[in-house]
Each structure stands twice: as C-alpha cells, then as structure tokens.
Amino acid sequence: MRDYIDGIDGLHGRKIVLGVCGGIAAYKAAELVRVLKKMGADVCVALTGSGARFVSALTFQALSGNPVWTSLWDGQGAGGMAHIALGRGADAILVAPATADMLARLAQGRADDLLSTLCLARDCPLLVAPAMNRQMWERAATQRNVATLQGDGVTILGPAEGEQACGETGLGRMLEPDALAAALLAFFTPKLLAGRRVVLTAGPTFEAIDPVRGITNSSTGKMGYALAAACARAGAETVLVSGPVALPVPDGVCRIEVTSALRMRDAVLAALPGADVFIAVAAVADYRPATVDGHKIKKSGEPLRIELVPNPDILAEVAARPDAPFCVGFAAESRDLDAYAEGKRQSKRLPMLVGNLIADGLGGDENTAVIYDAEGRHPLPRAPKTFIARQIVEHLARLLPAA
Ligand code: CTP
C-alpha cells in the first residue's frame with residue numbers, strides 16, 4: 001500500500017459498506033478490505049451468493065473484524081432489517097467487484113437480494129468498480145446500464161485495461177485495491193483547490209560529473225509526492241516536476257521526470273503558464289560541476305578537484321516574476337528552524353513556507369513541520385507526511401487569493 005501517498009489514516013472514522021459480487025476479482029476484494037482498514041475505515045462486507053462461491057464469508061469476517069452480511073433474510077440482530085441497518089451510518093457503499101449482472105440490477109432499481117436492496121435503501125453515496133470480460137463490458141446493454149447509473153449519481157471506478165482471467169486482453173479488469181482505496185479517499189476529500197493549477201517540484205536533483213557519476217542528496221521525494229497527491233485529491237490540476245526517486249506517480253498527477261537542477265528549472269518554467277500555485281519541495285542541489293566529462297573519469301592516485309558553480313534558485317526565480325503564482329517554499333534545517341525558515345521566506349518573498357528540522361523528517365514517513373506565513377508561525381503536530389500534506393493544502397487554500 002502506498003502509505004506515503006494515500007495515508008495510513010486517510011479514511012479514519014469512515015464507515016464503508018463493501019459489496020462483493022461473484023466474479024474472479026472477488027479475491028482482490030479481500031485485499032481491498034485490508035487496505036481500507038489500514039487507512040482507518042470501519043468496513044462491513046455484504047457478500048452476494050455468487051460472491052461467496054469465490055471467497056468465503058469467513059475470510060471477509062476475519063479481515064474486516066465485522067460480521068459479514070450475506071442474505072436479506074438473516075436479520076443478525078437488526079430486527080430482520082439487515083438491508084436498512086447495514087446502510088445506516090455508512091459514509092459510502094462501494095461495490096467491488098461489480099458484475100455486469102449487478103450493474104444491470106442496480107440500474108433497474110431491483111431489490112431481490114441483500115446487496116441490491118441495500119443499494120436501493122441507502123442514504124449515502126454509491127460507488128461501483130466494474131469487473132467483467134471485455135465483451136460483456138463493451139456490450140451496448142452494459143454501457144446503457146453504466147450511463148443510467150452515472151445519470152443517477154453513482155460513481156463508476158474503472159474498469160482498467162489488461163489481461164483478463166479468461167485469457168483475453170481488454171477493458172474490464174477491476175481497479176487494483178490500492179487504486180480503489182485512493183479513489184475512495186479522493187471522493188471524500190473537499191475540493192479546496194478545484195479549478196486551480198498547481199506546479200510542484202520534488203525529490204533530489206542529480207548533477208552529473210561524468211557519464212556514470214554525479215552529485216545528489218538523500219531526498220526520497222515522499223513529502224513532495226504526498227503533497228502532489230493531496231493537491232490532486234483536492235481537485236487541482238497537478239503537475240509534478242520530479243528528480244530521480246523510486247516512487248510511483250500519484251493518481252491524477254501529471255509527472256515530468258528530470259535529473260539536474262537546470263532541467264528542473266526548464267520543466268518548471270514550461271509548466272508555469274496558468275499556474276495558481278507553485279510549491280517547491282525538491283532538494284535542489286545548490287551547485288553543479290562546472291564541466292561534465294564526456295567520458296568516465298579514470299583514477300590516477302592524485303587528488304581530484306571538481307569545480308562547482310551555483311545552480312539557479314528555481315523558487316526565488318519563480319517568486320520574483322511579475323506574474324508569480326502563490327509560492328510555497330520548504331526549508332529543512334539542522335538548527336535554529338524559526339530564524340532560518342522565516343529568513344528564507346522573507347528573502348525569497350514567499351507568502352508561505354514549510355519548515356522542519358532534518359532530524360525530524362528526512363527520509364522517514366513522518367515529520368514535524370511548522371508553517372510560516374505573514375501572520376507568524378503555525379506548528380503542526382508530528383504526523384505522517386500524508387497528513388501534513390493535507391494540512392498544508394488546507395492552509396494554502398485559505399491564503400490563496402480568490403480565483
Ligand atoms: N530551491 C529551489 N531551487 C534551488 C534551491 C532551493 O527551488 N536551487 C527551493 C527548495 O525547493 C525549497 C527552498 O528553495 O523550497 C529551500 O531554500 P534554500 O535556501 O535554497 O534551501 P537550502 O538549499 O537548504 O539553503 P541553505 O543550504 O542555505 O540552507
């Protein structure tokens with residue numbers, strides 16, 4: 001699970017009813033329960049009769065820690081009203097996998113088993129993740145049902161393209177559990193940055209010395225990626241200019257991969273037109289070798305001197321533009337955080353800067369950060385980087401001039 005992107009607490013306090021239908025993708029629903037639980041959700045599974053032929057109720061019970069509901073007729077202490085009781089207090093019903101048959105029955109408003117009745121009697125949003133053979137998906141009847149459901153306000157997640165259990169390749173695979181969990185989290189996130197374009201930098205830069213060697217630093221990119229994911233979830237069109245890191249692209253984010261500071265600067269300037277916000281999270285190398293050797297440098301036993309020249313300060317350059325977007329800087333300091341961070345905010349003329357002590361956050365999944373703005377300092381409690389990312393988005397959305 002992509003903790004650094006989706007957060008271990010992102011669904012804390014949410015009650016999710018997971019409807020599982022009879023398709024081979026039902027085995028992935030077991031993993032989905034695990035991921036949703038890890039993100040803090042309370043998960044109750046409603047399993048159809050065909051779903052139970054693929055994965056047993058016991059599996060879902062063990063993973064969710066809750067009783068599994070399988071029949072309209074087992075009241076389970078709900079006064080014979082399982083279809084009402086189970087949906088009450090739920091924040092969403094997610095049907096994953098949703099078979100072609102279930103889509104048809106939901107589109108028609110049928111109520112002939114527990115899951116379809118639950119969906120009809122619900123007072124919360126319904127999301128469905130279709131999973132079926134590609135021809136079943138492409139069939140006009142299925143597409144008609146999907147359009148009907150969309151018209152009724154149901155959110156359709158996927159399907160994805162790829163190899164299918166039947167051996168064919170095409171559209172119809174259920175989205176992976178991580179992607180479904182991320183989509184659910186995005187669904188619940190307030191769209192504080194809707195209509196905004198955000199450009200970010202993340203990760204280290206790599207300044208080549210020769211074709212195989214270079215100068216870099218230990219930035220993992222986790223904070224920048226968590227922040228890009230949070231911006232996208234908050235509804236922003238998000239462009240992430242990233243140095244070399246080993247992280248996948250967050251959902252809804254357009255990533256541009258670069259290596260050196262000069263390439264990062266070029267990519268940022270190209271992405272900037274129309275941007276409302278620029279967030280510089282990257283640990284940009286302050287210096288680069290004055291020359292790059294075309295061939296591998298051979299050892300000679302003698303001391304080797306490499307002349308370094310300063311790199312452009314991307315953030316300062318963007319913030320100094322007459323049409324500058326709302327600029328957010330980062331400062332990682334080893335001491336005197338307040339003085340250095342606020343000093344950087346003022347010298348680069350930034351409306352907002354996030355500071356942290358290197359010992360508190362570099363490389364790990366958690367951080368202790370302080371936001372600095374014109375009003376003063378705003379310490380954030382120690383938390384996972386994903387949680388900090390959300391708070392940064394909320395803070396900048398408050399400071400952002402109206403569109
Ligand atoms: N930054 C940038 N381009 C650079 C250097 C830094 O965009 N060439 C951005 C970083 O992404 C971060 C902020 O500027 O948002 C960091 O400020 P800076 O003063 O450059 O930090 P350090 O390089 O750590 O400075 P120092 O070594 O003086 O502490």
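With the Cα gyration tensor of region 197-399 giving a ≥ b ≥ c as the square roots of its eigenvalues, does the rule (a/c under 1.5 for rounded; else a/b larger than b/c for prolate; else oblate) give rounded, prolate or oblate?
Details: a/c = 1.72, a/b = 1.56, b/c = 1.11.
Here region 197-399 falls in the prolate category.
Under a plain spin-label model, where a point goes 7 Å from the Cα along Cα-to-Cβ, how far apart in nm are residue 286 and residue 148?
For residue 286 paired with residue 148, the spin-label model returns 6.6 nm.
Zone of residue 347 (label point 7 Å along Cα→Cβ, backbone N under 20 Å): which residues in region 376-403?
376-377
Each residue of region 160-165 in order: what ³J(HN,Hα) in whole Hz does its phi give by Karplus 6.51 cos²θ - 1.76 cosθ + 1.60, θ = phi - 60°, with x for Gly and Pro?
Once θ is set to phi - 60°, the couplings for region 160-165 become 9, 9, x, 6, 10, 4 Hz.
Just from its helices, what would the mean residue ellipticity at 222 nm be for the chain, if runs of 4 or more DSSP H residues each count -39500 (n - 2.57) and the sum is divided by every residue, rounded to the nearest 500 deg cm²/dmol? Can you show the working numbers first?
Values: 16 runs with 139 residues, N = 403.
About -9500 deg cm²/dmol.
Quick one: angle between helix 222-233 and the longest Cα principal axis of the chain, in degrees between 0 and 90, rounded to 10, please.
With rounding to tens, the tilt is 50 degrees.
Can you tell me which of 211-217, 284-290 comes out highest on packing, and rank the rest after it, using the mean Cβ neighbours within 10 Å? Don't skip to the answer; put the middle values down first.
Values: 211-217: 14.6, 284-290: 17.0.
Packing order, densest peptide first, comes out as 284-290, 211-217.
Counting Lys and Arg as +1 and Asp and Glu as -1, each charge on the Cβ, what is the dipole of region 2-188 about the Cα centre in debye, to the nearest 20?
Working: 16 positive and 18 negative charges, 42 e Å.
Charge dipole, region 2-188, about its Cα centre: 200 debye, nearest 20.
Averaged per residue, what accessible area in Å² does region 2-188 show with a 1.4 Å probe, protein chains only? Walk me through the numbers before you get to the answer.
On the way: 7720 Å² over 187 residues.
Averaged over the residues of region 2-188, the accessible area is 41 Å².
Excluding residues fewer than 8 places away in the same chain, name every one of the aspartates and glutamates whose C-alpha is closer than 12 Å to that of residue 296.
Partners found: 210.
Calculate how steeply helix 261-271 sits against the longest principal axis of the alpha-carbon atoms of the chain, using the helix alpha-carbon long axis, and give the answer as 0 to 90 degrees to the nearest 10.
On a 0 to 90 degree scale, this one is about 50.
Report in % the part of the accessible area of the chain that belongs to carbon and sulfur, leaving out ligands and nucleic acids; probe 1.4 Å. Don't skip to the end; give the middle numbers.
Details: 9640 of 18250 Å².
Roughly 53 percent of what the probe reaches on the chain is carbon or sulfur.
For a protection proxy built on the mean count of beta-carbon atoms within 10 angstrom, sort 156-168, 22-34, 269-281 highest first, please.
Working: 156-168: 14.8, 22-34: 22.2, 269-281: 19.6.
Sorting 156-168, 22-34, 269-281 by mean packing, highest first, produces 22-34, 269-281, 156-168.
Using Cα-Cα distances under 8 Å and only pairs 6 or more residues apart, what relative contact order does the chain have, in percent? Can you show the working numbers first?
Values: 872 pairs, mean separation 49.8, N = 403.
Relative CO of the chain lands at 12 percent.
Assign one of three labels to region 168-209, namely rounded, prolate or oblate, based on the Cα gyration tensor with a ≥ b ≥ c the square roots of its eigenvalues; rounded applies when a/c is under 1.5, prolate when it is not and a/b is larger than b/c, and oblate otherwise.
Values: a/c = 2.75, a/b = 1.32, b/c = 2.08.
Oblate, since a/c reaches 1.5 and b/c is not below a/b.
From the square roots a ≥ b ≥ c of the eigenvalues of the alpha-carbon gyration tensor of region 172-278, which class results: rounded (a/c under 1.5), prolate (a/b over b/c), or oblate? Working shown, then result.
Values: a/c = 2.62, a/b = 1.56, b/c = 1.69.
Here region 172-278 falls in the oblate category.
How far apart, in nm, are the 7 Å Cα→Cβ label points at residue 309 and residue 171?
5.1
What residues have an amide H closer than 5 Å to that of residue 221, excluding those fewer than 5 places away on the same chain, when H is modeled at 1.01 Å from N in the peptide plane?
Amide H neighbours of residue 221: 203.
By how many nm would the segment from residue 365 to residue 334 lengthen if fully extended, with 0.36 nm per residue of separation less the alpha-carbon distance? Mind showing how you got there, number by number?
Values: separation 31, 0.36 × 31 = 11.16 nm, distance 1.82 nm.
Extra length from residue 365 to residue 334 when fully extended: 9.3 nm.
What order do you get for 232-244, 329-341, 177-189 when each peptide is scored by the mean count of other beta carbon atoms within 10 Å, highest first?
Numbers: 232-244: 24.2, 329-341: 16.6, 177-189: 20.8.
Most protected by this proxy first, the peptides run 232-244, 177-189, 329-341.
Farthest toward the dipole's positive end in the chain, which of 158, 295, 24, given Cβ charges of +1 (Lys, Arg) and -1 (Asp, Glu) about the Cα centre?
Looking along the dipole axis, the top candidate is 24.
Please pull out the direction-averaged projected area of the chain, using the convex hull of its alpha-carbon atoms, in nm² to one decimal place.
On the way: hull surface 98.8 nm².
Averaging across all directions leaves 24.7 nm² for the Cα convex hull.
Counting Lys and Arg as +1 and Asp and Glu as -1, what is the net charge of the other residues whose Cβ lies under 12 Å from the Cβ of residue 198?
Values: positive: 196, 197, 233; negative: 237, 276.
Its environment carries a net charge of +1.
Add +1 for every Lys or Arg and -1 for every Asp or Glu among the other residues with Cβ under 12 Å from the Cβ of residue 296, and state the total.
Within the 12 Å Cβ shell, the charges total +1.
Could you work out how far helix 140-151 tilts from the main Cα principal axis of the chain, as a 0 to 90 degree angle to the nearest 10?
So the helix axis and the longest Cα principal axis differ by about 70 degrees.
Mind listing the long-range amide H neighbours of residue 311? Cut-off is under 5 Å, sequence gap 5 or more, other chains count too, H placed in the peptide plane at 1.01 Å from N.
287, 288
Using r as the Cβ-Cβ distance of residue 296 and residue 262, and R0 as 30 Å, what FRET efficiency do you calculate, to the nearest 0.05?
Values: r = 22 Å, r/R0 = 0.73.
Here the calculated transfer efficiency is 0.85.
The values are calculated or read from the model by the stated rules, or taken from the named source; none is laboratory data. As the structure is a computational prediction, the values presented were derived from the model and not from experiment. A quick note on method: Cβ atoms are made from the backbone with ideal geometry, for glycine too, and the neighbour counts reach across all protein chains shown. These area figures cover heavy atoms from the full protein model, side chains too; ligands, DNA and RNA do not enter into them. Shrake-Rupley method; radii C 1.70, N 1.55, O 1.52, S 1.80 Å.
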